[in-house]
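Here is the structure we will look at.
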């Protein structure tokens, strides 16, 4: 089975491989200041064992999340994961947010700090949304981002997303306080073919 989920020109989204290089890259990225600023800021630094535990067992468990690297010209530059929101009912209830039935979710960061602001995140989100609409029959694609992360929100807007509803307190913590976040959603385009 190919580990490529989808591609657009020189941008490829592929599954994280059960290999030391992929886990070590994930540890380096997650512990870098530009990622830690927004990705679970109060969590302790990610260790290699933690990365293997978090990402390595997904292929052998019932976890519906698919964890991937974003590659440009064959080089990993970021992380993106996707999952059906139907599997996250308890979390959605905790934060008081609802999404359309059949929606998919995603999380993303650019790990290569020198490539932030180059449009890669917006492009990867658009490409993955197109894939989820065509191959998973997603009714919508929705993600949660911190309310103060204007750069990320601008990137998601360029990918076709819009803020939906009022800000809310997420379960992520910053300095011991729940983070104010917003839901952004990309509705299924009219006339999108179901690839199933």
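Can you figure out the FRET efficiency of residue 4 with residue 136, using R₀ = 22 Å and their beta-carbon distance, to the nearest 0.05?
With R0 = 22 Å, the Cβ-Cβ based efficiency is 0.90.
Can you give the FRET efficiency for residue 62 and residue 17, using 1/(1 + (r/R0)^6), R0 = 25 Å, r = Cβ-Cβ distance, to the nearest 0.05?
The calculated FRET efficiency here is 0.75.
Connecting C-alpha atoms closer than 10 Å in a GNM of the chain, tell me which of 128, 115, 106 has the biggest fluctuation.
Among 128, 115, 106, the largest GNM mean-square fluctuation belongs to 115.
Compute a Gaussian network model of the chain, connecting alpha carbons closer than 10 Å, and tell me which residue from 94, 171, 65 fluctuates the most.
Residue with maximal mean-square fluctuation among 94, 171, 65: 94.
Sort 83, 156 so that the residue with the fewest other Cβ atoms within 10 Å of its own Cβ comes first and the one with the most comes last. Working shown, then result.
Numbers: 83 16, 156 27.
With the sparsest Cβ surroundings first, the list reads 83, 156.
Suppose each label sits 7 Å from its Cα in the direction of the beta carbon; what would the residue 107-residue 157 distance come out to in nanometres?
Reported label-point gap for residue 107 and residue 157 is 2.5 nm.
Determine the calculated [θ] at 222 nm for the chain from helices alone, applying -39500 (n - 2.57) to every DSSP H run no shorter than 4 residues and normalising by the residue count; nearest 500 deg cm²/dmol.
Result for the chain: -7000 deg cm²/dmol, rounded to the nearest 500.
Taking R0 as 35 Å, what FRET efficiency do you get between residue 48 and residue 174 from their Cβ-Cβ distance, rounded to the nearest 0.05?
0.90
Mind listing the Cα extents of the range 4-187 along all three principal axes, in Å, largest one first?
Cα extents, longest axis first: 40, 39, 35 Å.
Rule-based calculations on the coordinates, nothing more; no lab input. This one's a predicted model, so the numbers in the text were calculated from it and none came from an experiment. Virtual Cβ from ideal backbone geometry, glycine too; neighbours counted across all protein chains shown.
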